[in-house]
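S.K.: Got a structure here, written out as structure tokens. Questions coming.
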Amino acid sequence: MVICRVQMQKFLPQHVQEIVGYAVKHGYKDIVADAAPLLLAMPLEETVARLPVNIVAPWALYYGAWNRVLRSARSFPLQPRISILRSGGHVPDVPDSGRNNQVSCGCNVNKQICDILMALHDVDSLQNLATVFTLTTTRCKNVTSSLNKWRQAIETEIGNIKPSITYL
Ligand SMILES: [Zn+2]
């Protein structure tokens, strides 16, 4: 059985849905946990079509939780109360305007925000925040600090997602 588990982990990337079905059936929760990031990288309709029926509902709940984080992550710069500008201690010229993306030193963060929003296009992109937040560059420490707060807020929300094991 040990060999079987090792083999399943080896073939996980190519046969993730089949292996998850087998792992859930036999209670191999560590394999299910290993598979979760791979499944999240796939479109939901594809996963649902190929997962065993009894796993579809729990998986949809888990995927839904990630999708809520994605929506929240994408709206973050546009919410005045938790604006990256406010939380960074920078006061925009026009309060409560999400489009006024200027930090206290005068640097404009619109380009950085646009680059990050374009990179945050699906649930899978939440698993690659290091890439998402390094696609855009700036030499301004204030902008960098604000963007880091945005990233940290997303990471906190991801940390609050219940592991898929609790669903499956
Ligand atoms: Zn600056």
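The values are calculated or read from the model by the stated rules, or taken from the named source; none is laboratory data. In this text the structure is predicted, and so the values were computed from the model without any measurement. When we count neighbours, we look across all protein chains shown, and the Cβ atoms used for this are built from the backbone with ideal geometry, even at glycine.
S.K.: Of all the helices (runs of 4 or more DSSP H) wholly in the range 108-168, which have at least 3 residues that are away from the ligand (no atom under 16 Å from the Cβ) and under 15 Å from F76 (Cβ atoms)?
M.R.: Correct list: 110-119, 141-159.
S.K.: Assess whether L40 counts as being of a type in the set (A, V, I, L, M) and modelled with pLDDT of 85 or more.
M.R.: Details: of a type in the set (A, V, I, L, M): yes; modelled with pLDDT of 85 or more: yes.
Criteria met by L40.
S.K.: Could you grab me the full set of residues in the range 38-49 that are surrounded by fewer than 16 Cβ atoms within 10 Å (Cβ to Cβ) and in a helix (DSSP H, G or I)?
M.R.: E45, E46, A49
S.K.: Determine if the range 90-100 includes at least one residue that is away from the ligand (no atom under 15 Å from the Cβ), among the basic types (K, R) and either closer than 22 Å to L40 by Cα or modelled with pLDDT of 85 or more (or both).
M.R.: Within the range 90-100 (the criterion being away from the ligand (no atom under 15 Å from the Cβ), among the basic types (K, R) and either closer than 22 Å to L40 by Cα or modelled with pLDDT of 85 or more (or both)), the answer is no, since none of the residues qualifies.
S.K.: Here's a check for you: in the range 1-37, which residue that is over 21 Å from Y62 (Cα atoms), among the polar types (S, T, N, Q) and not in a loop (DSSP other than H, G, I, E, B) is modelled with the highest pLDDT? Let's see the steps before the verdict.
M.R.: The initial filter retains those residues of the range 1-37 that are over 21 Å from Y62 (Cα atoms), namely 1-11, 14.
Applying the additional criterion that residues be among the polar types (S, T, N, Q) yields 7, 9, 14.
From what is left, the residues that are not in a loop (DSSP other than H, G, I, E, B) are 7, 9.
Working: Q7: 74, Q9: 71.
Among residues in the range 1-37 that are over 21 Å from Y62 (Cα atoms), among the polar types (S, T, N, Q) and not in a loop (DSSP other than H, G, I, E, B), the one modelled with the highest pLDDT is Q7.
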